[in-house]
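Everything below concerns the one structure shown next.
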Amino acid sequence: MSHFQRMSRAYIISITNQKGGEGKTTTAINVAFGLAKRGKKTLLVDMDPQANTTGIFVNPDKLDKSMCDVFNNKIPLKDIVFKTSEPNLDLAPSKITLAEVEATGGNVDVPYILRDALQTLEAYDFIVIDCPPALSIFTINALVASTHVVIPAQAEKFSIDGMSGLQNTINSVKRRINPDLRVAGALITQLKPKTVLTKTILPVVGQFFTVFHSTISEGVAIGESHLAKQCIFDYAGDSKQAKEYQDFLEELLRELKA
Ligand SMILES: Nc1ncnc2c1ncn2[C@@H]1O[C@H](COP(=O)(O)OP(=O)(O)OP(=O)(O)O)[C@@H](O)[C@H]1O
Ligand SMILES: [Mg+2]
């Protein structure tokens, strides 16, 4: 039964952490491209009004339709999804006006908008959702719609308060709305060469979430790849970070049994 259900629906992975600059967008982009390059039909959903993910593919200011219109119930999700130049990779774009949707108070359907909208789409193998740096209605929508959560955490600057707040939110969503939601794990990002993971980070982050064995080290290739509007595999396939994101993706797929 559960095997059949798993076969018949997509893995929906929220990349989330309410702290800013933890590596959410970098991870969402590279996981989505990595899956597409493995032949998985993948949808990348930008739930962040900052539209950093969207900016890799198009100029958000030039968009006339975005997640904003889906949240305002103006148009179906399929009308904003477009094919990217990467085979197997589609994008549901965001733009800055998504922030205006925050004021949808009073509507009890609000937490379910994304889940309902995703159910109207054609079949994807994977849906990867880039979340904003806030436990906002967009993050709640992403968690409600997801099967799994990945939590990027910056090696040097993660916060214990942040981790426990995120854990509480995930547990509330599980308890009240989405009992199937699973934390796949926390991914340590922007690791500096001399940082000793076992002494500094694992004991703290590990109190809250399982930590992936794979880690992503700090390196200029990441920032450069964003500027070049490419994933790390296309921008610098031989870089340390490309190898690390490759290893992470394989670990994630093992964890998901996908
Ligand atoms: N492994 C890395 N090495 C070096 N720089 C990195 C690495 N990962 C991310 N960065 C840089 O850190 C910054 C934040 O990364 P990113 O945008 O992925 O985080 P975010 O969690 O999505 O941020 P926000 O909360 O603002 O959405 C970016 O400038 C990015 O280029
Ligand atoms: Mg981001």
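Remarks
Here's the yes/no breakdown for (1) at pLDDT below 95; (2) out of contact with any Lys or Arg (no Cβ under 9 Å at 6 or more places or on another chain):
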{"site": "THR195", "(1), (2)": "yes, yes"}
{"site": "PRO203", "(1), (2)": "yes, yes"}
{"site": "GLY206", "(1), (2)": "yes, yes"}
{"site": "GLU218", "(1), (2)": "no, no"}
{"site": "ALA221", "(1), (2)": "no, no"}
{"site": "SER225", "(1), (2)": "no, yes"}
{"site": "ALA228", "(1), (2)": "no, yes"}
{"site": "ALA236", "(1), (2)": "no, yes"}
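- Within segment 99-115, restricting attention to residues that are in contact with a helix residue (DSSP H, G or I) (Cβ under 7 Å, 6 or more places away or on another chain) and among the hydrophobic types (A, V, I, L, M, F, W, C), the residue that is modelled with the lowest pLDDT is VAL101.
- Which listed residue, of LEU118, LEU77, LEU89, is crowded, with 20+ Cβ neighbours inside 10 Å, modelled with pLDDT of 90 or more, under 20 Å from the mean Cα position of the chain (by Cα) and farther than 26 Å from ILE177 by Cβ: LEU89
- Failed condition for ASP48, given (1) over 19 Å from GLN154 (Cα atoms); (2) assigned to a loop (DSSP other than H, G, I, E, B): (1)
- Unique match (being in contact (Cβ under 8 Å) with a residue 12 or more places away in the chain, over 19 Å from the mean Cα position of the chain (by Cα) and at negative phi) among LEU191, LEU187, LEU181, LEU252: LEU191
- The set of residues from segment 129-168 being touching a residue at least 60 places away in the same chain (Cβ under 8 Å) and in a helix (DSSP H, G or I) comprises PHE138, THR139, ASN141, ALA142, LEU143, ALA145, GLY162, GLY165, LEU166.
- Filtering segment 222-240 to residues that are closer than 14 Å to THR25 by Cβ and touching a residue at least 24 places away in the same chain (Cβ under 8 Å) leaves ILE222, HIS226, LYS229, GLN230, CYS231, ILE232.
- Consider segment 44-64 and keep the residues that are of a type in the set (A, V, I, L, M, F, W, C) and buried (at least 24 other Cβ atoms within 10 Å of the Cβ). The one that is farthest from ALA228 (Cα to Cα) is MET47.
- Residue that is over 27 Å from TYR245 (Cβ atoms) and of a type in the set (S, T, N, Q), where the choices are THR54, THR120: THR120
- Going through (1) at pLDDT 95 or above; (2) surrounded by fewer than 14 Cβ atoms within 10 Å (Cβ to Cβ); (3) among the charged types (D, E, K, R) one by one, LYS174 falls short only on (2).
- Top-ranked residue of segment 127-148 - restricted to ones that are within 12 Å of ligand 2 (Cβ to nearest atom) and among the β-branched types (Val, Ile, Thr), ranked as farthest from PHE71 (Cα to Cα): ILE129
The values are calculated or read from the model by the stated rules, or taken from the named source; none is laboratory data. This is a predicted model, so every value here is computed, not measured. For neighbour counting, all protein chains shown are included, and Cβ atoms are generated from backbone atoms with ideal geometry for every residue, glycine included.
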